[in-house]
1. Pairs please, first residue from region 138-157 and free of Cβ contacts under 8 Å to residues at least 24 places away in the same chain, second anywhere and within 13 Å of ligand 5 (Cβ to nearest atom), Cβ atoms under 8 Å, 6+ apart in sequence or on different chains.
2. Within region 251-310, restricting attention to residues that are among the small types (Gly, Ala, Ser) and under 29 Å from Arg445 (Cα atoms), which residue is most open to solvent (accessible area, probe 1.4 Å)?
3. Counting only residues that are open to solvent by 30 Å² or more (accessible area, probe 1.4 Å), of a type in the set (Phe, Trp, Tyr) and not in a strand (DSSP E or B), how many does region 314-351 have?
4. Of the residues that make up region 115-122, is at least one away from ligand 3 (no atom under 16 Å from the Cβ), at pLDDT 95 or above and assigned to a loop (DSSP other than H, G, I, E, B)?
5. Answer yes or no as to whether Ala444 is at pLDDT 95 or above, hydrophobic (A, V, I, L, M, F, W, C), within 16 Å of ligand 4 (Cβ to nearest atom) and under 28 Å from Leu149 (Cα atoms).
6. So which residues in region 123-149 are assigned to a loop (DSSP other than H, G, I, E, B) and surrounded by fewer than 16 Cβ atoms within 10 Å (Cβ to Cβ), if there are any at all?
7. Taking the condition touching a Cys at 6+ places or on another chain (Cβ under 9 Å) and of a type in the set (Gly, Ala, Ser), does Ala276 pass?
8. With the checklist (1) open to solvent by less than 40 Å² (accessible area, probe 1.4 Å); (2) more than 22 Å from Trp213 (Cβ to Cβ) in hand, flag the one item Gln152 doesn't pass.
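The values are calculated or read from the model by the stated rules, or taken from the named source; none is laboratory data. It should be emphasised that the depicted structure is a prediction, and the values quoted were computed from it without experimental measurement. Note that each Cβ is placed from the backbone with ideal geometry, even for glycine, and that neighbours are counted across all protein chains shown. Each accessible area value is taken on the protein alone, full model and side chains, heavy atoms only, with ligands, DNA and RNA left out. Shrake-Rupley method; radii C 1.70, N 1.55, O 1.52, S 1.80 Å.
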Amino acid sequence: MFRTIALLVCLTLSAALAMAQDRAPQAPVSAATSECLMCHESLHPGIVEAWKKSRHAAVTPAEAFSLAGSKRRISAESVPEKYADTAVGCAECHTTRAEKHADSFPHSGYSVHVAVSPDDCAQCHAKEREQYTRNIMAEAWGNLAENPLFMQMVRAINDVPVYDGGLLSSRAASTSTDEETCFSCHGTKLRMTGIETRDTIMGEMEFPLIEGWPNSGVGRVNLDGSKGSCTACHARHQFSMEMARKPETCMVCHSGPDVPAYKVYKASRHGNLHSALGKDWNYSAIPWTAGQDFGAPTCAVCHVSRVAGGDGVVVAERTHAMSDRLPWRIFGVPYATAHPKSADTSIIRNADGQPLPATLDNRPATEFLVDKAEQNKRLAAMQSVCLPCHDASWVDGYFARLETTIEETNAATLAATRIMQRIWAEGLADDGNPFDEYIERVWARSWLFYATTTRFASAMAGGGDYAVFENGRYQLMETVRKLDDWHRARSAKADVNTATKTPTTAP
Ligand code: HEC
Ligand code: HEC
Ligand code: HEC
Ligand code: HEC
Ligand code: HEC
Ligand code: HEC
Ligand code: HEC
Ligand code: HEC
């Protein structure tokens with residue numbers, strides 16, 4: 001059945017090819033890709049039209065290589081010979097390295113895989129891929145799934161409450177719940193579970209069954225063993241530079257009260273300039289020149305982009321390892337610390353043996369964190385981005401305030417944590433899962449939402465509403481007070497209870 005259809009379809013191959021080449025600019029497509037297009041043009045016009053708008057459809061790797069200096073986009077030393085002279089089409093991505101992919105399945109005479117991985121992209125974008133392995137994002141699945149403490153947080157949030165016989169308990173949530181919550185952003189671990197035969201409009205065909213799919217989380221564990229998902233910021237199939245450079249792309253995952261970078265940015269002066277004037281900026285230019293192409297930084301400018309300053313001189317090199325410009329980890333669990341050395345944070349053990357970058361009384365796990373010299377290097381890299389638009393004293397003043405904010409919010413978290421530790425020590429909350437009881441939630445909110453938001457406002461807006469009333473210092477202080485109040489009320493009651501209890505035999 002499949003073969004007959006494939007044959008029929010092949011008859012119109014040259015006609016379709018001619019049509020495809022009508023559109024300019026369009027590079028020649030390989031024989032394999034033209035076969036894919038035959039069916040997929042009508043099956044998935046959304047996919048095919050997006051691809052036609054991409055540079056992958058317009059520029060061959062050989063042409064891309066021929067560009068010199070800062071105009072050159074492609075980073076690999078060389079690309080496989082067979083891909084040099086045709087467009088980067090369906091077959092070039094979906095049939096490449098077939099033997100490495102557990103999800104490869106026979107399809108129209110080719111071995112096709114659906115989950116195109118960072119290692120597939122690496123054939124032409126080796127540098128981006130290598131840098132991305134050093135980005136904490138690439139490890140985002142394991143940073144949750146392989147950290148027993150963080151998995152307790154997953155359970156405390158996702159599990160289904162059960163109220164029975166006057167007792168509140170919970171039962172484990174399904175895997176699909178975990179996949180559409182925490183792991184939708186952090187990434188799932190893909191696993192092949194079998195092959196299914198599906199009736200398609202082109203007859204019966206076989207497709208792989210993949211657990212954990214669909215998903216485009218930043219740390220997805222792929223079926224060729226690689227980690228990460230380039231689609232998280234370069235949505236298929238246009239893979240547009242403009243999209244990666246706009247803040248809304250990061251908004252998808254950086255919006256919650258725990259990770260409010262986008263909200264903070266939107267309410268900042270830079271965000272204001274972007275929303276008021278950004279429609280006239282040039283988001284595709286290479287190199288990307290401050291002042292000329294954009295008037296204020298987006299997320300990409302500060303964290304990723306190759307930025308040019310006066311006379312087109314590059315002031316910051318592009319990096320897909322965002323840690324290159326991050327001296328601190330201001331997302332505190334529970335304290336802000338120097339940035340971790342390894343993107344895999346599940347390996348960290350503090351002096352009390354916990355998988356956290358500092359102990360609960362804020363002694364940092366220094367052997368797992370970068371030292372002062374490295375922090376200064378990273379700070380200088382971040383600051384070099386500001387200097388085409390700001391004076392050095394403006395920039396120094398800004399970062400001095402951030403350091404103070406880190407110190408003061410950590411002090412507030414220490415106060416909150418000391419109260420929480422007394423609550424545990426006095427048995428007023430059980431010492432099992434530290435995130436599931438009401439008062440533990442109040443404690444977690446103090447650092448997860450408020451201390452973090454306060455630091456984000458300092459780092460990415462120079463203060464403002466998010467530094468005070470919008471999940472900022474106001475709520476932080478209020479939560480510390482609430483913890484103290486709750487503790488006093490309960491321990492007073494506990495004292496009364498003890499006093500009226502008949503003493504039992506001493507231990
Ligand atoms: C004879 C027609 C035909 C040809 C040729 C063809 N495909 Fe498909 N393809 C299909 C159909 C039909 C589906 C199923 C669509 C659906 O169920 O929505 C499909 C599905 C897919 C999927 C999704 C698989 C999944 O697990 O859901 C991918 C990826 C794919 N094709 C890639 C390709 C590539 C790459 C080529 C060229 C090497 C190609 N196809 C050639 C008909 C074809
Ligand atoms: C530059 C590489 C690249 C090219 C070129 C490319 N794809 Fe994809 N494609 C991807 C990536 C990445 C994904 C996301 C899969 C995942 O990792 O979950 C994807 C996903 C898909 C899917 C499944 C996604 C869904 O939403 O159902 C189909 C079907 C597909 N591609 C078909 C095609 C077809 C047809 C073409 C040619 C017009 C094509 N692709 C060209 C990289 C590519
Ligand atoms: C076979 C080689 C090849 C593969 C595989 C490949 N690319 Fe590309 N990519 C190119 C070429 C060639 C260009 C165009 C460069 C130019 O315009 O000079 C490009 C351009 C890009 C751009 C810039 C688009 C723009 O608007 O400027 C992005 C982003 C990109 N690729 C991402 C990816 C991702 C993500 C993958 C994997 C899913 C991938 N590429 C796979 C060759 C490849
Ligand atoms: C909307 C996307 C999104 C969802 C959903 C999400 N996270 Fe995250 N998570 C992030 C981002 C973004 C960061 C990084 C924050 C930063 O660096 O500022 C992060 C970081 C973390 C970290 C720190 C990991 C480390 O290596 O230090 C933990 C722990 C965490 N998240 C727990 C969770 C839990 C538990 C859930 C589900 C209950 C969850 N996250 C759901 C986006 C998300
Ligand atoms: C699909 C979800 C997703 C998207 C989209 C996304 N991120 Fe993230 N990002 C995450 C997660 C999850 C983490 C935290 C991983 C961890 O801690 O293990 C993270 C971490 C980070 C970090 C901290 C890195 C570090 O080393 O401490 C920065 C900075 C960041 N993201 C910036 C961005 C920018 C800029 C964009 C847009 C261009 C973006 N992110 C898009 C999910 C996402
Ligand atoms: C967290 C978001 C994010 C993820 C994930 C991401 N990128 Fe990027 N990428 C960007 C941003 C932002 C830019 C723009 C950089 C600039 O302005 O210099 C970019 C630019 C690029 C370019 C440059 C294109 C050109 O025309 O110069 C390539 C190629 C690329 N990325 C490939 C990849 C590959 C391959 C992966 C997966 C290993 C990946 N990216 C993952 C955000 C991301
Ligand atoms: C003006 C420059 C600038 C802009 C614009 C900017 N950031 Fe930041 N970002 C910073 C600085 C400075 C820090 C703090 C440095 C550090 O954590 O070491 C930071 C920290 C972060 C962190 C926490 C990293 C960690 O390890 O805890 C995340 C996540 C982040 N930014 C994401 C974003 C996103 C998403 C956007 C856009 C919505 C954005 N940033 C816009 C400068 C910027
Ligand atoms: C492309 C140019 C550009 C870059 C790069 C840039 N800024 Fe700005 N920034 C501006 C402009 C323009 C304003 C608005 C000045 C005004 O309000 O008159 C601004 C405003 C600010 C403000 C004022 C906020 C307020 O509420 O008044 C701070 C603080 C700031 N920038 C810090 C930084 C830091 C730190 C960096 C680097 C991490 C940076 N900027 C990078 C252009 C830039």
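1. From region 138-157, the pairs are Met151/Leu144; Met151/Ala145.
2. Looking at the filtered set, the residue picked out is Ala267.
3. Counting residues in region 314-351 that are open to solvent by 30 Å² or more (accessible area, probe 1.4 Å), of a type in the set (Phe, Trp, Tyr) and not in a strand (DSSP E or B) gives 1.
4. Checking region 115-122: not a single residue is away from ligand 3 (no atom under 16 Å from the Cβ), at pLDDT 95 or above and assigned to a loop (DSSP other than H, G, I, E, B).
5. Numbers: at pLDDT 95 or above: yes; hydrophobic (A, V, I, L, M, F, W, C): yes; within 16 Å of ligand 4 (Cβ to nearest atom): yes; under 28 Å from Leu149 (Cα atoms): yes.
So Ala444 passes the test.
6. Correct list: Glu146 only.
7. Against the criterion (touching a Cys at 6+ places or on another chain (Cβ under 9 Å) and of a type in the set (Gly, Ala, Ser)), Ala276 does not qualify.
8. (1)
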